[in-house]
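J.: Sharing a structure with you now.
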Amino acid sequence: MRMNRLNGKHIILGITGGIAAYKSAELTRRLRDAGAQVRVVMTRGATEFVTPLTFQALSGNPVHTDLLDEKAEAGMGHIELARWADAILIAPASANTIARLAQGRADDLLTAVCLASKAPLAIAPAMNHVMWHDVATQSNLGTLQQRGYHQFGPASGAQACGETGEGRMLEVAELVDSLASLFKSGALQGVNVLITAGPTYEPIDPVRFIGNRSSGRMGFAVAQAAREAGANVTLISGPGDLSTPEDMRRIDVETAAQMYDAVMHEVHSNQVFISAAAVADYRPKTSSEQKLKKQDAELSIELERTEDILAAVSTTTPRPFVVGFAAETENLEANARTKLHNKSLDLIAANRVGKNENAQDIGFNSEYNALHLIWPDGEQQLEQARKPALARQLISFIARLYNQQKQNEKNTA
Ligand code: PMT
């Protein structure tokens, strides 16, 4: 169902000055019913029609109205809002706001957020039919369409001004459905994709293990993005507390050996394999059946290598399109290229892990990541972003390279 695609999505609902603003109250409710998190940004004009309090109650979040509000900027300022969004929908979008967006203005909060965001942007125009048909409005809409804005509506019918014509805002259900459709690219429609995520735990004794800081967020975001792109997803997850994205099969494992077995069991029915899990490279050679007692001042644990799952998948027949990750604290590109080559990968997504230049955690156990994609004859930098946004970019890359490879195979067959 399309609406499910909004589940967990961060939606900024921009509301501008127009009588249709009252319908946006219902829209806020419906977006939340569909599982979206909603933050409302109102222009000054919009607040003349409906109060921010209404939207605060319905969205469950503070409403944002001012660009130059110190308190708001200290909480979630315009840049942060812009980064938070998975999509921005302006409903209703007045002729004035459409004109200001077309000019690239940033002199109120809503236009500034739109300018600062890389998320998909959609407008639901609502205005008097003469304003709608005016050349200036149509030319502004043309400009926005060229820049990739999505346009939902308007519909025709009786208008608040008493006249009849084109310019009514689409009904709420149509807006929710149109917004949901933005989250499906179809680029991996029907392709079976196997993804690993999270850490592995290698037992020392019944209560202790060797593990790592992976939260599973990156792999889960990749799984969700692949599903949104139409793939049939199987997610193999190490220990963690993330809930499974909708509409996919999940297999839980704990150790590298269990992950290896699960991957090898599943891989033959998949066309793409993405290894986002932080798999332990070593495990204790033996795991004590009883809890180890505190005895000597020092304790040595002998370690042995685990199976390299990714390298093993690369040698299977039939071989899927194989994507690895590289988590590096130094020499990111050189190390990633070595892994690309040694493990015979089709693509590697390298991420620097640890602290970024602002001393924030990045990569492991963080909301954010940045990826350097490298494949045998190209590379591409994906700038720092929230993991779901980054995962969608990664999936469209994988889809492009995978589909190219399929096409080449067909051409040479
Ligand atoms: O889970 P999060 O908190 O969201 O963090 C995301 C992440 C940083 C864990 C993720 O983006 C990431 O980088 N995952 C791979 C981590 C890793 O183990 O990197 P590596 O450079 O050690 O391994 C290279 C590749 O080989 C990886 O694709 C890994 O899954 C795979 N591997 C490694 C060891 C092993 N025994 N088997 C493997 O398949």
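J.: Which one of Ala57, Ala46, Ala25 is touching a Gly at 6+ places or on another chain (Cβ under 6 Å), over 29 Å from Tyr368 (Cβ atoms) and either open to solvent by 30 Å² or more (accessible area, probe 1.4 Å) or hydrophobic (A, V, I, L, M, F, W, C) (or both)? Show your work before the answer.
T.: Numbers: Ala57 fails: touching a Gly at 6+ places or on another chain (Cβ under 6 Å); Ala25 fails: touching a Gly at 6+ places or on another chain (Cβ under 6 Å).
The conditions single out Ala46.
J.: Restricting to region 182-214, name every residue that is more than 16 Å from the ligand (Cβ to nearest atom) and surrounded by 24 or more Cβ atoms within 10 Å (Cβ to Cβ).
T.: If the condition is that a residue be more than 16 Å from the ligand (Cβ to nearest atom) and surrounded by 24 or more Cβ atoms within 10 Å (Cβ to Cβ), then Leu188 is the only one that fits.
J.: In the set Leu310, Leu340, which member is over 25 Å from Val253 (Cα atoms), open to solvent by less than 70 Å² (accessible area, probe 1.4 Å), outside any loop (DSSP other than H, G, I, E, B) and among the hydrophobic types (A, V, I, L, M, F, W, C)?
T.: Numbers: Leu310 fails: over 25 Å from Val253 (Cα atoms).
Exactly one of Leu310, Leu340 is over 25 Å from Val253 (Cα atoms), open to solvent by less than 70 Å² (accessible area, probe 1.4 Å), outside any loop (DSSP other than H, G, I, E, B) and among the hydrophobic types (A, V, I, L, M, F, W, C), namely Leu340.
J.: Answer with yes or no whether Ile123 is away from the ligand (no atom under 16 Å from the Cβ), surrounded by 16 or more Cβ atoms within 10 Å (Cβ to Cβ) and outside the structural domain of Ala85 (by TED's automatic domain parsing). Reasoning before the result, please.
T.: Working: away from the ligand (no atom under 16 Å from the Cβ): yes; surrounded by 16 or more Cβ atoms within 10 Å (Cβ to Cβ): yes; outside the structural domain of Ala85 (by TED's automatic domain parsing): no.
It is false that Ile123 is away from the ligand (no atom under 16 Å from the Cβ), surrounded by 16 or more Cβ atoms within 10 Å (Cβ to Cβ) and outside the structural domain of Ala85 (by TED's automatic domain parsing).
J.: Restricting attention to region 126-151, report how many residues are crowded, with 20+ Cβ neighbours inside 10 Å and hydroxyl-bearing (Ser, Thr, Tyr).
T.: Residues flagged as crowded, with 20+ Cβ neighbours inside 10 Å and hydroxyl-bearing (Ser, Thr, Tyr) within region 126-151 amount to 2.
J.: When you go through (1) closer than 30 Å to Arg227 by Cβ; (2) surrounded by fewer than 18 Cβ atoms within 10 Å (Cβ to Cβ) one by one for Glu298, which number turns out not to apply?
T.: Exception for Glu298: condition (1).
J.: Restricting to region 215-232, what's the tally of residues that are open to solvent by 10 Å² or more (accessible area, probe 1.4 Å) and within 22 Å of Arg386 (Cα to Cα)?
T.: Our first condition is that a residue be open to solvent by 10 Å² or more (accessible area, probe 1.4 Å); within region 215-232, this holds for 215, 217-218, 220-221, 224, 227-228, 232.
Adding the requirement that they be within 22 Å of Arg386 (Cα to Cα) leaves 215, 217-218, 220-221, 224, 227-228.
Number of matching residues: 8.
J.: In region 215-307, which strands (runs of 3 or more DSSP E) lie fully inside it and hold 1 or more residues that are without any contact (Cβ under 8 Å) to a residue 40 or more places away in the chain, within 16 Å of the ligand (Cβ to nearest atom) and farther than 30 Å from Gly8 by Cα? Spell out how you get there, then give the answer.
T.: Details: elements: 232-237, 249-252, 272-275, 282-284, 303-305.
Of the strands (runs of 3 or more DSSP E) lying wholly inside region 215-307, those with at least 1 residues that are without any contact (Cβ under 8 Å) to a residue 40 or more places away in the chain, within 16 Å of the ligand (Cβ to nearest atom) and farther than 30 Å from Gly8 by Cα span 303-305.
J.: Would you point out the residue of region 323-336, among those that are under 18 Å from Gly198 (Cα atoms) and among the aliphatic types (A, V, I, L, M), that is farthest from the ligand (Cβ to nearest atom)?
T.: Start the filter on region 323-336 by keeping residues that are under 18 Å from Gly198 (Cα atoms), which leaves 323-328.
Now drop any that are not among the aliphatic types (A, V, I, L, M), which leaves 323, 326-327.
On the way: Val323: 8, Ala326: 4, Ala327: 4 Å.
Here the residue is Val323.
J.: Return yes when Lys293 is under 27 Å from Phe209 (Cβ atoms) and not assigned by TED's automatic domain parsing to the domain that holds Arg217 and no when it is not.
T.: Details: under 27 Å from Phe209 (Cβ atoms): yes; not assigned by TED's automatic domain parsing to the domain that holds Arg217: yes.
Spelling it out, Lys293 is indeed under 27 Å from Phe209 (Cβ atoms) and not assigned by TED's automatic domain parsing to the domain that holds Arg217.
J.: Do you know which residues across region 339-384 are among the basic types (Lys, Arg) and without any contact (Cβ under 8 Å) to a residue 24 or more places away in the chain? It would help to see each step written out before you state the result.
T.: In the first step, residues of region 339-384 are kept if they are among the basic types (Lys, Arg); the result is 339, 343, 352, 355.
Matches in region 339-384: Lys339, Lys355.
J.: Restricting to region 152-181, name every residue that is touching a residue at least 40 places away in the same chain (Cβ under 8 Å), touching a helix residue (DSSP H, G or I) at 6+ places or on another chain (Cβ under 8 Å) and open to solvent by less than 70 Å² (accessible area, probe 1.4 Å).
T.: Those that are touching a residue at least 40 places away in the same chain (Cβ under 8 Å), touching a helix residue (DSSP H, G or I) at 6+ places or on another chain (Cβ under 8 Å) and open to solvent by less than 70 Å² (accessible area, probe 1.4 Å): Phe152, Gly167, Met169, Leu170, Val172, Leu175, Val176, Asp177, Leu179, Ala180, Ser181.
J.: Return the residues of region 337-382 that are over 19 Å from the mean Cα position of the chain (by Cα), more than 11 Å from the ligand (Cβ to nearest atom) and not acidic (Asp, Glu); say none if nothing qualifies.
T.: Arg337, His341, Ser344, Lys355, Asn356, Asn358, Ala359, Gln360, Ile374, Trp375, Pro376, Gly378
J.: So, one more: Have a look at Gln384, Gln407 and point out the one that is part of a strand (DSSP E or B) and either at pLDDT below 95 or among the hydroxyl-bearing types (Ser, Thr, Tyr) (or both). Before the answer, list the steps.
T.: Numbers: Gln407 fails: part of a strand (DSSP E or B).
Result of the check over Gln384, Gln407: Gln384.
J.: Going residue by residue through region 394-405, is there one that turns out to be open to solvent by 70 Å² or more (accessible area, probe 1.4 Å), touching a strand residue (DSSP E or B) at 6+ places or on another chain (Cβ under 9 Å) and either more than 10 Å from the ligand (Cβ to nearest atom) or among the charged types (D, E, K, R) (or both)?
T.: no
The values are calculated or read from the model by the stated rules, or taken from the named source; none is laboratory data. Quick caveat: nothing in here was measured; it's all calculated off a predicted structure. Cβ sites come from the backbone with ideal geometry, for glycine too, and all protein chains shown count toward neighbours. Surface areas here come from the heavy atoms of the whole protein model, side chains and all, with no ligands, DNA or RNA. Shrake-Rupley method; radii C 1.70, N 1.55, O 1.52, S 1.80 Å.
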